[in-house]
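S.K.: Sending over a structure as structure tokens; questions will come in a sec.
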Amino acid sequence: MSGSTFGALFRVTNFGESHGPAIGCVIDGCPPGMALSVADIQPELDRRRPGTSRHVTQRQEADQVEILSGVYEGLSTGTPICLLIRNTDQRSKDYANLLDTFRPGHADYSYWRKYGVRDPRGGGRSSARLTAPTVAAGAVARKWLREHHGTTFSGWMTALGEIEIPFEDERHIPDNAFFAPNATIVPQLEAHMDALRRAGDSCGARIRVVARGVPAGLGEPLYDRLDADIAYAMMGLNAVKGVEIGDGFGVVAQRGSEHGDELLPEGFASNHAGGVLGGISTGQDLVVTIAIKPTSSIRTSRRSIDREGRPFVVETVGRHDPCVGIRATPIAEALLALVVMDHALRHRAQCGDVRLPLPPLPAQA
């Protein structure tokens with residue numbers, strides 16, 4: 001299947017199926033000499049893995065990563081790094097009733113029309129299970145960026161369905177299943193998810209991810225703009241239907257006198273642009289927001305057709321996230337890290353010798 005490789009210099013090829021023996025990725029282009037072990041990768045996978053609360057799929061996967069190549073005596077060698085994650089808790093029988101029909105809103109139908117092959121087991125390649133290798137690759141990128149540029153990544157949920165989540169403090173994010181930066185609203189989010197599960201329904205979510213300490217100058221003119229590649233990467237995440245950079249669609253109601261981020265000797269006065277101007281990073285925080293649609297695999301009866309075009313009523317059994325957005329935050333962080341990593345290497349290759357007489361503006365005013 002084509003379309004499984006991402007990046008120009010830091011290239012990640014994703015492989016496997018939801019209910020196959022294993023999933024994984026091959027990272028080509030990681031610079032040599034970086035200390036790398038399972039301990040650098042596993043914590044990020046643990047943040048994403050299923051079965052961690054009653055609000056997500058109860059599929060029990062340890063998501064233990066194995067490094068098969070590209071590391072010798074604890075250091076990256078510069079050769080391809082192969083990361084493997086074995087599937088251990090498949091229940092393919094849960095999908096037997098979907099062999100000849102299609103879930104509304106799911107990729108079942110479009111995959112069948114493209115390839116002519118129907119693999120109903122957990123969605124096959126279209127499953128969010130395939131985001132685990134992305135998170136693993138992102139952990140490698142995050143470590144290199146942190147060591148070379150001090151770049152860090154964080155993300156949080158800003159809305160669960162119709163419930164807006166006011167930002168309070170990032171320290172709350174690791175303490176709840178929703179990656180919510182607000183402790184007081186968690187009981188309301190839990191009640192909402194419990195009601196959805198009882199009703200056999202699902203909801204969407206909105207996630208914000210921020211990269212701090214991003215070098216200025218990353219990105220290319222026109223077709224390889226940094227923000228274009230960010231949008232491309234985020235739209236490659238399952239269920240994403242919208243991407244905003246900075247203020248996003250909010251710029252429609254802004255005046256030019258408000259939107260343009262003024263430059264002052266002590267730094268930028270604001271960051272409406274989200275850290276990108278003309279497709280090139282300014283050195284400010286990269287701010288990205290994504291919209292995630294409701295889960296398609298639900299118990300509620302929905303009208304569909306079978307492979308002969310005859311009417312069919314679909315009810316999806318099995319273990320599914322009532323809101324796939326709950327576990328999306330680590331994935332969005334990883335995707336942003338992969339884009340920044342690729343552009344950092346591209347910038348180093350072409351413009352590594354560029355020296356300016358003045359230091360860059362501080363990221364924040």
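S.K.: Select from segment 300-346 the residues that are assigned to a loop (DSSP other than H, G, I, E, B) and surrounded by fewer than 16 Cβ atoms within 10 Å (Cβ to Cβ) and list them in ascending order.
M.R.: Result: T300, S301, R307, E308, G309, R310, E315, V317.
S.K.: Of the residues that sit in segment 22-34 and are of a type in the set (A, V, I, L, M) and touching a helix residue (DSSP H, G or I) at 6+ places or on another chain (Cβ under 8 Å), which one is surrounded by the fewest Cβ atoms within 10 Å (Cβ to Cβ)? Show your work before the answer.
M.R.: Here is the first cut: in segment 22-34, the residues of a type in the set (A, V, I, L, M) are 22-23, 26-27, 34.
With the extra rule that they be touching a helix residue (DSSP H, G or I) at 6+ places or on another chain (Cβ under 8 Å), the set shrinks to 23, 27, 34.
Values: I23: 25, I27: 25, M34: 18.
Out of the qualifying residues, it is M34.
S.K.: Now, a different point. Among the numbered conditions (1) small (G, A, S); (2) in contact with an Asp or Glu (Cβ under 8 Å, 6 or more places away or on another chain); (3) in contact (Cβ under 8 Å) with a residue 40 or more places away in the chain, tell me where G213 comes up short.
M.R.: Here G213 meets the rest and fails (2).
S.K.: Report yes if some residue within segment 229-240 is surrounded by 17 or more Cβ atoms within 10 Å (Cβ to Cβ) and more than 27 Å from S127 (Cα to Cα); otherwise report no.
M.R.: The answer is no, given that none of the residues of segment 229-240 is surrounded by 17 or more Cβ atoms within 10 Å (Cβ to Cβ) and more than 27 Å from S127 (Cα to Cα).
S.K.: Looking at T151, T134, can you tell me which residue is touching a Cys at 6+ places or on another chain (Cβ under 8 Å) and either touching a residue at least 40 places away in the same chain (Cβ under 8 Å) or among the basic types (K, R) (or both)? Steps first, please.
M.R.: Details: T151 fails: touching a Cys at 6+ places or on another chain (Cβ under 8 Å).
None of the other options fit; the residue is T134.
S.K.: For segment 87-139, which positions are at pLDDT below 75, under 25 Å from the mean Cα position of the chain (by Cα) and in a helix (DSSP H, G or I)?
M.R.: Those that are at pLDDT below 75, under 25 Å from the mean Cα position of the chain (by Cα) and in a helix (DSSP H, G or I): R121, G122, G123, G124.
S.K.: Among the residues of segment 239-253, what is the count of those that are in a loop (DSSP other than H, G, I, E, B) and modelled with pLDDT of 95 or more?
M.R.: Total satisfying the criteria: 2.
S.K.: Out of G283, G274, G219, which single residue is touching a helix residue (DSSP H, G or I) at 6+ places or on another chain (Cβ under 6 Å), on the phi > 0 side of the Ramachandran plot and not in a strand (DSSP E or B)?
M.R.: Details: G283 fails: touching a helix residue (DSSP H, G or I) at 6+ places or on another chain (Cβ under 6 Å); G274 fails: touching a helix residue (DSSP H, G or I) at 6+ places or on another chain (Cβ under 6 Å).
The conditions single out G219.
The values are calculated or read from the model by the stated rules, or taken from the named source; none is laboratory data. Keep in mind it's a predicted model, so treat the numbers as computed, not measured. Positions of Cβ are backbone-derived with ideal geometry, glycine not excepted, and every protein chain shown enters the neighbour counts.
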